[in-house]
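The values are calculated or read from the model by the stated rules, or taken from the named source; none is laboratory data. Here the structure is a predicted model, which is why all the values come from computation and not from measurement. As a convention, Cβ positions derive from the backbone with ideal geometry for all residues, glycine included, and neighbour counts pool all protein chains shown. Remember, those area values only see protein heavy atoms, side chains included, never the ligands or the DNA or RNA. Shrake-Rupley method; radii C 1.70, N 1.55, O 1.52, S 1.80 Å.
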Amino acid sequence: DEFMVPDTSDDVKRVLENYEDFGGLCVNWKIFGSDGHLERPEGLQIGAFVRCMPNQHPWNQYVKTIARPSLIAKAQNAHYFEYVEGATCVNARRDAVRGPYIPCDPNAPLRLNHYYTRSKQEFEEKVVLGGGGHLRANINSLDDCAKNCVIEDRSILRFESALKDALARRTQTACSPE
């Protein structure tokens, strides 16, 4: 339910080339809500869920880290790591980061679209399974997302055609006899 989205390029690898000297790069979440869907909609989730929280919302200050495994000393949690001596984790501006929360930079070259609730049905299933990690999914989270996802963001849809093509090729490969 999370997609790394490059905003300054069409290639995540190209963006990461600018951070090769660091142990890790922290990338902010961008939380998306249910868009009013009660049941799982047809099609790709990136097209069905386009309303997100504003950058300054506290939930969007949480990060995921793209890290060099050889420079990790210890995992603090699934989002942030401690690094070996001399290695540093940075934000998009190359400022050192200490912990899994940083202010959301609207000009960062990468972001992590997090389709946290998806439809009401999917979210209720997540709650029953104990999912949600850091935010500890509960039905109040669904209401919080509905109330706070007020920004429309369709920018990821520039990848929709290529994604559909890749999924079709994958389905053909999985279904073809050996």
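Partner lysines whose Cα lies under 19 Å from the Cα of K74, excluding those fewer than 8 positions away in the same chain, are identified as K64.
Between A73 and R14, the distance separating the two model label sites (each 7 Å from Cα on the Cα→Cβ line) works out to 3.6 nm.
Using the crude model of +1 on Lys and Arg Cβ and -1 on Asp and Glu Cβ, and no other charge, please compute the dipole size for the chain relative to its Cα centre, in debye to 20.
Numbers: 22 positive and 25 negative charges, 33 e Å.
Using Cβ point charges on Lys, Arg, Asp and Glu, the chain gives about 160 debye.
Helix screen, the chain: no DSSP H segment has Cα axial length of 27 Å or more and mean Kyte-Doolittle hydropathy at least 1.6. Sequence-ordered 3J(HN,Hα) estimates for segment 106-117 from the Karplus curve with 6.51, -1.76 and 1.60 and θ = phi - 60° stand at x, 9, 5, x, 9, 8, 10, 5, 10, 8, 5, 9 Hz, glycine and proline given as x.
Roughly speaking, to the nearest percent, how much of segment 27-178's 1.4 Å accessible area is carbon and sulfur?
Details: 4420 of 8810 Å².
Whole-percent figure for carbon plus sulfur exposure: 50.
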